[in-house]
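Every number here is computed from the coordinates shown, using simple stated rules; none is lab data. Source: prediction; values computed, not measured. Heads up, the Cβs are rebuilt from the backbone with ideal geometry, glycines too, and the neighbour counts pull from every protein chain shown.
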Amino acid sequence: MNGIAEALRPVTPRDRLVLALDVGGLAAAEALATRVTEWFATVKVGMELYAEAGPAAVDRMHELGFRVFLDLKLHDIPNTVGRAARVHGRRGVEFLTLHAAGGEAMLRAGVEGLADGARDAGRAEPIALGVTVLTSEADTSAFPARLDAAAAAGCGGVVCSALEVATVRAAYPHLATMVPGVRLPGDDVGDQVRVATPAAVVASGGDWLVIGRAVTAAPDPEAAATRIADAIRAPGDPTAAG
């Protein structure tokens, strides 16, 4: 894949925001997602929600009109990762994470499996994302090698903190960036170490911002989502977040 798949290229603030549905079961996830659909075009189905609801979570979010970022960080032998990625591609996920710690061969198997599955099902081109270093980790010494592996394997992008986006842009400008660890000014950073504000992520050149507790734990999720959308809108941009 060369760069961002055109159908997924972010344009508006809503295109750029990804809601992390780490909120328990499918009913809770659906309720929250529908409350803030005006501000989010994509939702993240991670390990917690997938453990609760399985593939039904992906299907339901698609039914609600969201793109799905399936964040399972696949990491196994190449054959297993390739076969699993093919299944997710057939299901129509728009984004799928593969842990770059698994190495180039494993990543390539995942990239190819995801693309093959989507093509088999007549789906649009998805993006395989290589997870570099978790934002809860302070030690980023593994980042350069994992970035190189993701690029060499044909990933369409990487998951990294805002602090690494400039490095990605300089080394591999065709790679998209999915940026977690986003916090509003003054928010509790929780278990995250490498964090940034929404405005800082955009200033760094990040493509998508993964928003979790800043919205999901907010007393007023709609107000928090509005603040985030306003923070990433270019000065003078009249485009609404929704």
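Using θ = phi - 60° and the Karplus curve 6.51 cos²θ - 1.76 cosθ + 1.60, what whole-Hz ³J(HN,Hα) does each residue of the range 81-88 get, with Gly and Pro shown as x?
Values, residue by residue: 5, x, 5, 5, 4, 4, 4, 5 Hz.
Using amide H atoms built in the peptide plane, which far-off residues or other-chain residues are under 5 Å from Gly46 H to H?
Sorted by chain and number, the residues that satisfy this are Leu21, Asp71.
Given the Cα-Cα distance of Ala199 and Arg83 and 0.36 nm per residue of separation, how much length would full extension add, in nm?
Working it through step by step, the gained length comes to 37.9 nm.
In a Debye calculation with equal point scatterers on the alpha-carbon sites of the range 11-155 and no solvent, what is log10 I(q)/I(0) at q = 0.10, 0.20 Å⁻¹?
At q = 0.10, 0.20 Å⁻¹ the computed log10 ratios are -0.34, -1.21.
Return, ordered by residue number, the residues of the range 198-215 whose backbone nitrogen is under 18 Å from a label point located 7 Å along Cα→Cβ of Glu38.
215
Along its principal axes, what span do the Cα atoms of the chain show, with the longest given first and each in whole Å?
Between the extreme Cα coordinates on each principal axis of the chain lie 45, 37, 33 Å.
Relative to the Cα centre, what is the charge dipole magnitude of the chain, using +1 at the beta carbon of each Lys and Arg, -1 at the beta carbon of each Asp and Glu, and rounding to the nearest 20 debye?
Taking the Cα centre of the chain as origin, the dipole is about 360 debye.
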